[in-house]
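Heads up, the thing below is written out as structure tokens.
No value in this document is a laboratory result; all are computed from the given coordinates. Because the structure is a prediction, the values reported are computed rather than measured. We place every Cβ from the backbone using ideal geometry, glycine too, and count neighbours over all the protein chains shown.
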Amino acid sequence: MTDHLLYELRGHAAYLTINRQDRRNAITQEMIQGLMEHLNRIDGDPEVRAICITGAGDKIFCSGADLGLTLAGEDGHRLAGAKSYAELLKKMTEFGKPLVARVNGPCLAGGLGLMLACDLVIARDDAYFCTPEVNVGIFPMMVGALLLRHVGVKKTMDMVLTGRKVSAPEAAAMGLITRSVPPERLDQEVEDLLAGLTQKSPIGIRIGKQAFRAVWDLPFEQAVDSLCEALGNVLSTEDAAEGMKAFLEKRRPEFKGR
């Protein structure tokens, strides 16, 4: 992998940084493959308990796909790059460890998909979010699958049909992101969030995330029953026993991920 995608481990948190500032941190096919490879490796690494995805610099998070290098794909097939991007979104939404997006500037088009596929999103309050594909005769197809689930039909159609810029405070209010913070607070907010996540039970989080993902589209009764079964799986872990013991003993639990 080139230096267009940077990897750094800070304690138990891994940082993946899109590093193409000269191209507005646009996504390439190589970068998609690099993200997939890193996620596959991280998934099996017990030392990594949370992941932060961000863009280099302070001008932009991600401008979406580099149309000249991504959509066509290496074999020339018109959907090869798009299918790789779709696989990445699926990989991220099914990932067993917490994914945090650090939005350090505008987030556009395919970048919006990367952001939405994360569990938590902290953005600068001067950032904005936009799906401008309609302006060039395209449509944010794969991104739409996530948009519809996060903000509903009306808000999604407002964004994809107009291509307007949604400010970070508005994005937080509509459920597009977790919260917006002053630019000078961004790093500390993200670091504090990651520090907290890495102290939680890895196996409890994995089971919980998988359980919530499985009931996204289920009717209420089925969802409740499914989550009840998942609770049983969590309660059978060593971490759950340790957590309850630590609570009674008024101390911090020592989670092992088992």
task: Could you pull out every residue, at least 5 positions away or on a different chain, whose amide H is within less than 5 Å of the one on ALA50? Hs are placed 1.01 Å off N in the peptide plane, and Pro or chain starts have none.
output: ALA14
- request: Two decimals is fine: what is log10 I(q)/I(0) at q = 0.27, 0.29 Å⁻¹ for the range 190-237, from a Debye sum with one equal scatterer on every Cα and no solvent?
  value: -0.92, -0.99
statement: With +1 on the Cβ of every Lys and Arg and -1 on the Cβ of every Asp and Glu, the dipole magnitude of the range 40-165 about its Cα centre, in debye rounded to the nearest 20, is 340
field: Whole-angstrom Cα spans of the chain along principal axes, big to small
entry: 59, 42, 40
- prompt: For GLY105, which sequence-distant residues (separation of 5 or more, or a different chain) have an amide H within less than 5 Å of its own amide H, given hydrogens modelled in the peptide plane?
  reply: PHE61, ARG124
task: Kindly provide the chymotrypsin sites (Phe, Trp or Tyr not before Pro) of the range 144-248 that DSSP labels as loop, not H, G, I, E or B, and whose Cβ sees at most 12 other Cβ atoms within 10 Å.
output: TRP216
query: What distance in nm separates the simple spin-label points at GLN222 and MET157, each placed 7 Å from Cα in the Cβ direction?
result: 2.6
message: Let's see if you can work this out: charge +1 on each Lys and Arg Cβ, -1 on each Asp and Glu Cβ, no other charges. What is the dipole magnitude of the chain about its Cα centre, in debye to the nearest 20?
response: 320
- prompt: Taking only DSSP H segments of four or more residues, each worth -39500 (n - 2.57), what value at 222 nm results for the chain once the sum is divided by all its residues, to the nearest 500 deg cm²/dmol?
  reply: -14000 deg cm²/dmol
task: Putting +1 on Lys and Arg Cβ atoms and -1 on Asp and Glu Cβ atoms, find which of GLY55, LEU146, GLN29 reaches farthest to the positive end of the dipole of the chain.
output: LEU146
query: Which percent, nearest 5, of DSSP beta bridges in the chain are antiparallel?
result: 30
task: Would you be so kind as to identify which of ILE177, ILE205, LEU193 lies farthest towards the positive end of the dipole of the chain, taking Lys and Arg as +1 and Asp and Glu as -1 on Cβ and the Cα centre as origin?
output: ILE177
- prompt: With a 10 Å Cβ neighbour count serving as the proxy for reagent exposure, in which order, fewest first, do VAL181, VAL190 appear?
  reply: VAL181, VAL190
message: Quick check on my link table: of LYS200/LYS250; LYS200/LYS245; LYS90/LYS165; LYS97/LYS155; LYS91/LYS200, which ones sit more than 24 Å apart, alpha carbon to alpha carbon?
response: LYS90/LYS165; LYS97/LYS155
